[in-house]
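A short write-up of the structure that comes next.
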């Protein structure tokens, strides 16, 4: 799998919904076949993760779950000989991604943090409160949020699921309309939230739809995985620290 570089445009030439360049290969696939593959792979990955708790491998979920997600994203992509979205670690792109993530964090993260503060003041239960356990404690939890949770989930949900949805909606073409890009974002966030409900078995996990919107937009905007991975990790850590501090 090779990473193709996005075509550069003059600064200020794109709107919030306009991508910064083209994504992936220019070849076309049969929409029906791609949709079925994406649904089957997603279902199989979630079933495998859900089933881990009932096996003797449950103690290794911290490693197996990220492995399942990454394999579910890369293996079918390799079999179909598609290009996988680039990470975006080149200096020029990384700089733009960092600036975008910083701006989004300043605009978005205060909202859930304010909600947590209000919930604590009114003595309401804090949703999706993390559990810090094990010998590693905080350092291990912080490392896990970035290296395992953020990377693995973004590789699968953005790098595989959303990339395929973008192919289905033809959102990667420059002629794609705003409604197509909005539909891609909604579909990606919806899949992200439903997957959390299926795996965690809690309706409250539907709240992940909201950060899913931001993650989907970041991937659509930057055409790489770096920005959503960074925001995902920062959002998880910020929310977790605030929830545990107030709780």
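A short reminder: the numbers here are calculations on the coordinates, not readings from a lab. Worth saying up front: this structure is predicted, and the values here are computed from it rather than measured. Quick reminder, even Gly has a Cβ in these numbers, built from the backbone with ideal geometry, and neighbours come from all protein chains shown.
Here are a few things to note about the model shown:
- Net length gained if the chain between residue 132 and residue 92 were fully extended (0.36 nm per residue, minus Cα distance): 10.8 nm
- Working from label points 7 Å from Cα in the Cα-to-Cβ sense, the residue 33 to residue 81 distance is 1.1 nm.
- Kirkwood Rh in Å, taken over all unlike Cα pairs in the stretch 31-246: 18.1
- Seen from all directions on average, the stretch 104-154 presents a Cα convex hull projection of 4.8 nm².
- Length-normalised contact order of the stretch 31-246 in % [C-alpha pairs under 8 Å, at least 6 apart]: 31
- Förster radius 35 Å - calculated FRET efficiency between residue 114 and residue 53 (Cβ-Cβ, nearest 0.05): 0.55
- Mean projected area in nm² (Cα convex hull; one quarter of hull surface) for the stretch 48-100: 5.6
- Residue exposure sequence - 205, 188 - by fewest surrounding Cβ within 10 Å: 205, 188
- Listed by Cβ neighbour count within 10 Å, with the fewest neighbours leading, 102, 191, 107 appear as 107, 102, 191.
- Segment residue 178-residue 246, length gained on full extension (0.36 nm per residue, minus Cα span): 20.5 nm
- Euclidean distance of C-alpha centroids, the stretch 33-48 and the stretch 232-247, integer Å: 31
- Range of Cα positions in the stretch 97-221 per principal axis (Å), largest first: 49, 33, 32
- Fully extending the segment from residue 63 to residue 203, taken as 0.36 nm per residue of separation minus the present Cα-Cα distance, adds 47.9 nm.
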